[in-house]
1. Take every Cα pair under 8 Å in the chain that's 6+ residues apart, average their separations, divide by the length, and report that relative contact order as a whole percent.
2. How much net charge surrounds Asp185 when only other residues with a Cβ under 12 Å from its Cβ are counted (Lys, Arg +1; Asp, Glu -1)?
3. Extension gain Asp56-Met1, at 0.36 nm per residue separation less the Cα-Cα distance, in nm?
4. Cα-Cα pairs above 29 Å in the chain: how many percent?
5. If you take the beta carbon distance between Asp96 and Leu174 as r and set R0 to 22 Å, what does 1/(1 + (r/R0)^6) give as a FRET efficiency, to the nearest 0.05?
6. For the chain, what is the number of Lys pairs with C-alpha distance below 30 angstrom, counting only pairs 8 or more positions apart or on separate chains?
7. Tell me the net charge near Lys121. Cut-off is 13 Å between Cβ atoms, Lys121 excluded, with +1 for each Lys or Arg and -1 for each Asp or Glu.
8. So for the range 100-203, averaging the separation of alpha carbon pairs under 8 Å that are six or more residues apart and normalising by length, what relative contact order in percent results?
Amino acid sequence: MAFTLPPLPYAFDALEPHIDARTMEIHHDKHHAAYVNNLNAALEKHPEFQAGDDIDALMRRLDEVPEDIRTAVRNNGGGHSNHSFFWQIMGPGAGDEPTGELADAIRTAFGGFEEFKAQFKAKGVGRFGSGWAWLVADGKGGVALTDSANQDTPLSQGQTPLLGCDVWEHAYYLKYQNLRPNYIDAWWNVVNWTEVSRRFAAAK
Ligand code: MN
């Protein structure tokens, strides 16, 4: 069974004015779709890895993928996993602040929400070229920051992503051009903290 492109869980313009509709349309319908198509093409050589309903499970065992397709799966399977995740942790009418146990964990790890946002932004701004900034579960009940190049996912490092910001230019260039820091500042307004909290509770 081949992997499929999940529908965007809201309208292209749902994240306006922070993320513009045209960017969302191209990002989902072209970029994410291409990762899915290229992943499926690579897996034709090894159909035993075509478990098309769980891309995250495949990315967790990337080191078991045959070497002749491992780079293609790393890039395109990672792209599929990361973007499927990304659409979920954003949403319309979102963007306030984490609450409950997640807020506590962020306070413990970073000192406070504003300090966390500053450190996360520094990860995203500091990632040279294309990649992602991540908040992950640290496996000990807490949270930690990391970043990755290209479409590498924390799942392949044994980590559980809770929040991720796509800092590829395709995520922001139409509206923000070269101003990645401004994009990240605006992006906080669309973070779906309810979903991030749900993932944190599930990871514990
Ligand atoms: Mn992207």
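A short reminder: the numbers here are calculations on the coordinates, not readings from a lab. Keep in mind that what you see is a predicted model, and the values were worked out from it rather than measured. No Cβ is skipped: glycine too gets one built from the backbone with ideal geometry, and neighbour counts run over all protein chains shown.
1. On the way: 312 pairs, mean separation 49.8, N = 204.
Result for the chain is 24 percent.
2. That sum, taken over residues with Cβ under 12 Å, equals +3.
3. Details: separation 55, 0.36 × 55 = 19.80 nm, distance 1.54 nm.
Full extension of this stretch gives 18.3 nm more.
4. Values: 4419 of 20706 pairs.
Counting pairs separated by more than 29 Å, the tail of P(r) holds 21 percent.
5. Details: r = 26 Å, r/R0 = 1.19.
Efficiency for this residue pair is about 0.25.
6. Step by step, the pairs that qualify in the chain add up to 15.
7. On the way: positive: Lys117, Lys123, Arg127, Arg180; negative: Glu114, Glu115, Asp147, Asp185.
Local charge sum for Lys121: 0.
8. Details: 137 pairs, mean separation 25.5, N = 104.
This gives 25 percent for the range 100-203.
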